[in-house]
Amino acid sequence: QVQLVESGGGLVQAGDSLRLSCVASGRTFTYNAMAWFRQAPGKEREFVAGISWSGSDTYADSVKGRFTISRDNAKNSVYLQMNSLKPEDTAAYYCAASATFRGGPTLGNYDYWGQGNQVTVSS
């Protein structure tokens with residue numbers, strides 16, 4: 001049984017930083033794409049950042065320059081460093097992993113999802 005467990009969310013002020021972590025169990029994702037998505041109340045789930053098996057990363061325009069995605073294959077983990085947080089970053093953040101090498105911003109490319117981790121940014 002594959003599980004993705006996120007941690008690191010919380011309540012912060014605008015301009016602060018947070019680091020989200022996601023640890024996978026049940027299989028390894030060394031050669032698979034992984035990503036972070038987020039969903040605010042009343043809105044659709046949206047792509048935040050993705051990383052390929054080789055370490056190539058992509059970002060949504062709204063977070064480019066502020067967020068950094070990374071992975072540690074030895075720990076079967078993916079991370080999201082979030083700097084200069086804004087109130088509009090408030091959402092539940094979801095870790096996602098693909099069963100293949102395909103990833104990027106397409107939600108349907110991901111087969112496994114974490115339970116969600118709340119990030120709230122106050123102004």
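A few notes on this one:
- If the condition is being open to solvent by 60 Å² or more (accessible area, probe 1.4 Å), in contact with a Phe, Trp or Tyr (Cβ under 7 Å, 6 or more places away or on another chain) and in a loop (DSSP other than H, G, I, E, B), then the range 4-54 contributes Tyr31, Arg45, Trp53.
- Restricting Arg66, Arg45 to those that are closer than 28 Å to Ser123 by Cβ, charged (D, E, K, R) and in contact with a helix residue (DSSP H, G or I) (Cβ under 8 Å, 6 or more places away or on another chain) reduces the list to Arg45.
- Flag for Val63 being farther than 24 Å from Gln3 by Cβ and either under 13 Å from the mean Cα position of the chain (by Cα) or assigned to a helix (DSSP H, G or I) (or both): yes
- Restricting attention to the range 86-123, the residues being surrounded by 22 or more Cβ atoms within 10 Å (Cβ to Cβ), part of a loop (DSSP other than H, G, I, E, B) and of a type outside the set (Ser, Thr, Tyr) number 2.
The values are calculated or read from the model by the stated rules, or taken from the named source; none is laboratory data. In this text the structure is predicted, and so the values were computed from the model without any measurement. Reconstructed Cβ throughout: ideal geometry from the backbone, glycine too, with neighbour counts over all protein chains shown. Surface areas here come from the heavy atoms of the whole protein model, side chains and all, with no ligands, DNA or RNA. Shrake-Rupley method; radii C 1.70, N 1.55, O 1.52, S 1.80 Å.
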